[in-house]
Amino acid sequence: MTIHNSEIAAAFYKLANLLGIEGANPFRVRAYRNAARIIEGLTKSVAELITQGENLTDLPGIGNDLAKKITVLVETGKFPLLKETETRIPPVLNELLKIEGLGPARVKLLYKKLKIKNINDLKTAIEKGRVRKLARFGEKIEKKILQGILHREQYVTRAKLVDTISTVTALTHYIKNIKGVEKVECAGSFRRHKETVGDLDMVVAGSLGKKIIDHFIQFEEISEVISHGSTRSTVRLRSGMQVDLRVVPKKSYGAALLYFTGSKDHNIALRKIAVRKKLKMNEYGMFKYKKQLAGNTEEEMYRQIGLPYIEPELRENRGEIEAAQQDKLPKLITLNDMRGDLHCHTTATDGAAQLETMAKIAEEYGYEYLAITDHSKHLTIAHGLNKKTLWQQIKQIDKLNHQLKKIIILKSIEVDILENGSFDLPPDILKELDLRICSIHSNFHLSSEEQTNRIKRAMDNPLFNILAHPTGRLINRREPYTFNIEQVMHAAKERGCILELNAQPDRLDLNDLYCKAAKEIGVKIAISSDAHSTNQFAYMHYGIFQARRGWLTKNDVINTQPLSNLKKLLKR
Ligand code: DGT
Ligand code: CA
Ligand code: CA
Ligand code: ZN
């Protein structure tokens, strides 16, 4: 069985977490966590790289020791260091860390003092009032943990889109090679690029349904066959993900794809139109009495009910059908439209050399500009910038820009918005930059009014350009902080500020609905990778998916524009 990047990453996260709970050397813990992050962000399969004899140490941040561990894990499925660590620290504690409000130190205390190993133990202990009595806990934290548990329980059944990609690729490849299969595609929420996916819906065109399904259920990642018919099957994978498979004749492929792509609400609205036209519509085609009028392709299906093709990301019955009827569908943004990235971080202290590498890689993405936006100092980030180091970076960038031919590095920073709405660096240095992205990383628990005013006050500062990850939510982990987003959007519009769509796959913040709202209000968006390593420039892709779900076109997004226009759009 080949191991996926996400599984390798999960093993290293687990190791880092368990060592963190044990209280191991923080540098060591960080090294393993970084390794996990790097592997997670790769676009190529590590297992494949190893088979091809590539040297893993060529990957940034992977030294000899890590490369060796990864190779052993890929080739033998074994991870001796993790196993040894698990003899000292129960591996289930890893699960507790997924609850908001619980870090390694607290998990350690819960385990040592109260013998708490899992969420159930934790719930019982909270009910009995034992947790609040522990040093470093108290009622406030107990409440937060309880809320974290509730969120976790709601979320746990849906996977983040990013975590399904490698599975879908492997599954599609496997099915494509089954005899009798003509076409295959993963439909459902996956195809609509929803930020989380409940299960995978594979649609197959082929004859000999039974034979195809007999072969399908031998896919190596399957842990349980739930149902096994002649045209349909449902299975569970090792990862816990469920897969529905449907086989239809080729002349019904478009109809089945349309039906299983959904959403359900979109389907119901389409069927209503069909009924009005005295047509019958289902997963086999469009019919007038017994006669099939369409079914081969989705385009045909839409055409029969008088509509143009509607992109999967729009199929949520949020106005797309009315827009289609009036020929007013948006021309959705694509990855190709992007001319630069406006949010990324350096990770090392060898400033100049790394900046150059980042610029070169951004060039390979076809970008014309790249804004370097390291954090300001006061955050708990080891290499955060202060006035002096930011000044050094500005000089390095100026020098580098003289040498670079195809791309320009924009001088920038991710500056922190303090509780009173001011920035944590003074204007004399901030005004030297080409642009500033501004974010909230603290005081999440202000009242809605306070939080809204804090952001609005920050936007009053003429140096404010882009509000980074505007709601602060983390998918499956943290709710957005409470504030009036509509007011903030109007404030941004009035002041010429931009809102970010952060493309980190666990942020995707703004979400689809807010992107659409921003567009309607007339606020411009910046789609940014927030890359913490050059591999993560590729996350732009997920931002584009979300933007498309939010109806955004090239013109709604500032970093689709050439530099001269971008500068005008940033001007306040
Ligand atoms: P998920 O899996 O929860 O992320 O969301 P979906 O959209 O993939 O939903 P799923 O897997 O339950 O069903 C796949 C598609 O099949 C769904 O988007 C639309 C279609 N579908 C399922 N049930 C119904 C139904 O009762 N009526 C209609 N018209 N379509 C349905
Ligand atoms: Ca589904
Ligand atoms: Ca399904
Ligand atoms: Zn950032």
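Before moving on, here are some points about what is shown:
- Report note on the peptides 460-468, 514-522: ranked by the mean count of other C-beta atoms within 10 Å, highest first, their order is 460-468, 514-522.
- Ranked by the mean number of other Cβ atoms within 10 Å of their residues, highest first, the peptides 418-425, 494-501 come out as 494-501, 418-425.
- A protection proxy built from the mean count of other Cβ atoms within 10 Å ranks the segments 243-252, 143-152, most packed first, as 243-252, 143-152.
- Amide H contacts of Leu501 (H built 1.01 Å from N, in plane; Pro and chain starts excluded): Leu510, Ala526, Ile527, Ser528 sit under 5 Å, all sequence-distant by 5 or more or on other chains.
- Heavy-atom accessible area with a 1.4 Å probe sorts Trp551, Trp391, largest first, into Trp391, Trp551.
- Per DSSP, loop trypsin sites (Lys or Arg not before Pro) in region 64-104 with at most 14 further Cβ within 10 Å: Lys78
- Of all DSSP beta bridges in region 435-572, antiparallel share, percent nearest 5: 20 percent
- For the chain, the fraction of 1.4 Å probe accessible surface lying on carbon and sulfur atoms is 51 percent.
- Placing a pseudo-label 7 Å from each Cα along the Cα-to-Cβ vector at Arg238 and Lys210 gives an inter-label distance of 3.1 nm.
- Here r is the Cβ-Cβ distance between Arg572 and Thr71 and R0 is 41 Å; the resulting FRET efficiency, rounded to 0.05, is 0.20.
- Set of lysines near Lys210 by C-alpha distance (under 25 Å), chain-local residues within fewer than 8 positions excluded: Lys176, Lys179, Lys183, Lys250, Lys251
- Ranked by solvent-accessible area (1.4 Å probe, protein heavy atoms only, all chains present), the residues Lys431, Lys405, Lys288 order from largest to smallest as Lys405, Lys431, Lys288.
- Accessible area expressed per residue, the chain, with surrounding protein chains retained (probe 1.4 Å, Å²): 47 Å²
- Straight-distance crosslink candidates among lysines, where the alpha carbon sits under 18 Å from Lys264 and sequence neighbours closer than 8 are dropped: Lys194, Lys272, Lys280
- Plainly put, the chain has a radius of gyration that is 0.98 times its Kirkwood radius, both from alpha-carbon atoms, as the Rg/Rh ratio.
- Positive minus negative residues near Arg549 (Lys, Arg vs Asp, Glu; Cβ under 10 Å): +1
- Two-decimal log10 I(q)/I(0) for region 5-155, as the Debye equation yields it once each C-alpha is a single scatterer, q = 0.12, 0.16 Å⁻¹: -0.57, -0.87
- Cross-link partners for Lys143 among the lysines, with Cα-Cα distance under 18 Å and sequence neighbours closer than 8 places in the same chain left out: Lys98, Lys123, Lys128, Lys133.
- Remark: region 206-212, residue by residue, has Karplus-estimated 3J(HN,Hα) of x, 9, 6, x, 4, 5, 4 Hz, where x stands for each Gly or Pro and the curve is 6.51 cos²θ - 1.76 cosθ + 1.60 at θ = phi - 60°.
- Under a 5 Å amide H cut-off, with hydrogens placed 1.01 Å from N, Met286 pairs with Leu293, Ala294, Gly295 among residues at least 5 apart or on other chains.
- Largest-first ordering by accessible area, 1.4 Å probe, given options Tyr284, Tyr369: Tyr284, Tyr369
- Heavy atoms of Phe216 accessible to a 1.4 Å probe, total area in Å² rounded to 10: 0 Å²
- Extension gain, Ala135 to Thr43, is 28.7 nm, computed as 0.36 nm per intervening residue step minus the present C-alpha separation.
The values are calculated or read from the model by the stated rules, or taken from the named source; none is laboratory data. Bear in mind that the values here come from a model prediction, so they are computed numbers and not experimental data. Glycine also receives a Cβ, built like all others from the backbone with ideal geometry; neighbour counts cover every protein chain displayed. Just so you know, the surface numbers come from the protein's heavy atoms only, side chains and all, with ligands and any DNA or RNA stripped out. Shrake-Rupley method; radii C 1.70, N 1.55, O 1.52, S 1.80 Å.
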